[in-house]
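Student: This is the structure, below, for whatever I ask next.
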Amino acid sequence: MLLSLLLTVTPALLGDGEVRANPPALAPAAQVAPCESLADAPLAAWRLRLLDLAYGAASAMPLEPHVKNRSRAQEGVLVDCLELGLLGTAERFADGIANWRRGAALADLAYRSLESERESDAAHVQRLLDAAQVSLQEQSSDEAQGWRRDRIATKMARVLVQLGELEAAQRLTLGATESELGRVQSELASGLDPEQLGAFRAEVARVVEVGVFEQVQAYLAICVQLHARFYGDAEERARLEQLVAASWTKMPVDLRVRWQLGLGTNALDAGDGESARRLLGQAADLFDDFEWRQARHELPLLADLGRAWVRAGRVEQARALVVRGLARFEAESPRIADIFQAETLRPFAEVLFLMGDREAARELFARVLEVGRQNPNGRPRAEDLAETCRSMARVGCEPTPELWSALVECYAELGAPW
């Protein structure tokens, strides 16, 4: 397995097809010492306000009976904070998460804190790991809920891999399921050298032949990651592209399109416009060749294609996809459940904004907000409001005064029945 390419120990960290029923007990939970908060990167005040509003909407959901939805929505806001460099805000938000997702969020925060060069932040990484371990040990050992422990453990383990503590990472993830081990596999793959890459390709072929869905999914995602890392090597790049295309025949079309989009994005990041357009065109062909049955599954992926074409400088192609997607939404909206309508429409507002159509984007965001407000129950309204605020903060779309008023009104309306 992949770990054996990096160190001469058992490959258990990456999984070997066997799920161990009795992983070793963890050490006693560490006492988390107080420390100064992490710093936020500079960000416009209105974007911070959007994220605060998103977190407030998520937190408005009562713990009973909505702790799962509430915590998932809170964690989503925290992930955006990490992407925007708001480590201090993310730490504050993590403290408000009530269930196991707090441990997962703390591990994510520790991982992102590794990028900092401040000595105080380096010390904070260990404190965050200690806090995540406390959360890990609070989780039930019930097999049906074991994936929650695995989620926290594998997020912690990828931090340990970055710190060079591979054996500690291995111990932490003994018994983890294949579906959760992917993030650790991905972290380990970042250390492969060109000689090890050949052995990895052979391992991918073996995994594909065995056909365990979670393993194939994880390894093809790693291939996309390695395609970016070795992009400068034309031969290796071509081998990886061919390997991905030859290995996905039994995988769902949405994953195939996303992997192809990933390859195209790698080309864009490398400044290789010609290859990017070829790869994105192949992704578009995959998408069009599939007969989509539900618009709510089709349209967000169509918007992702549009977003990629914007990055590739093909704005008119992106515009055509937006027009196509909005027409499909209008035709299918009566058959889209109300709890899915806003999430189906929202991605096109993002694409419009990235295309430079700022006014049209704000108008569509306002419509998305109204669509989300139609549900009579507070929980889906809270989730949609949080997602809309997150979306605008991510792309950098500042609300108009009228849209601000609508966002605040939507927040004030949250309440029973939940």
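Student: Would you list the helices (runs of 4 or more DSSP H) that sit entirely within the stretch 150-234 and hold 3 or more residues that are under 17 Å from the mean Cα position of the chain (by Cα)? Let's see the steps before the verdict.
Tutor: Details: elements: 166-172, 178-189, 194-210, 213-229.
Those helices (runs of 4 or more DSSP H) span 178-189, 213-229.
Student: Can you pull out the residues in the stretch 247-274 that are of a type in the set (D, E, K, R) and part of a helix (DSSP H, G or I)?
Tutor: To start, the set of residues in the stretch 247-274 that are of a type in the set (D, E, K, R) comprises 250, 254, 256, 258, 269, 272, 274.
Asp254, Arg256, Arg258, Asp269, Glu274, listed by residue number.
Student: Can you name every residue in the stretch 266-307 that is surrounded by fewer than 15 Cβ atoms within 10 Å (Cβ to Cβ) and among the small types (Gly, Ala, Ser)?
Tutor: Passing the criteria: Gly271, Gly273.
Student: A further question follows. With over 23 Å from Leu172 (Cα atoms) and of a type in the set (A, V, I, L, M) as the only criterion, which of Ala60, Ala104 stands out? Spell out how you get there, then give the answer.
Tutor: Values: Ala104 fails: over 23 Å from Leu172 (Cα atoms).
The conditions single out Ala60.
Student: Identify, please: which residue in the stretch 381-390 is out of contact with any Gly (no Cβ under 7 Å at 6 or more places or on another chain) and either surrounded by fewer than 22 Cβ atoms within 10 Å (Cβ to Cβ) or among the acidic types (Asp, Glu) (or both) and is, among those, farthest from Ser59 (Cα to Cα)?
Tutor: If we take residues in the stretch 381-390 being out of contact with any Gly (no Cβ under 7 Å at 6 or more places or on another chain) and either surrounded by fewer than 22 Cβ atoms within 10 Å (Cβ to Cβ) or among the acidic types (Asp, Glu) (or both), then Glu387 is farthest from Ser59 (Cα to Cα).
Student: While we're on this one: Does Val310 count as in a helix (DSSP H, G or I) and either surrounded by 17 or more Cβ atoms within 10 Å (Cβ to Cβ) or of a type in the set (D, E, K, R) (or both)? Can you show your working first?
Tutor: Working: in a helix (DSSP H, G or I): yes; either surrounded by 17 or more Cβ atoms within 10 Å (Cβ to Cβ) or of a type in the set (D, E, K, R) (or both): yes.
Judged against the criteria, Val310 is a match.
Since every read-out is calculated from the coordinates, none of them should be taken as a lab result. Just so it is clear, the model here is predicted, and its values are computed rather than measured. Glycine gets a Cβ as well: all are built from the backbone with ideal geometry, and neighbour counts include every protein chain shown.
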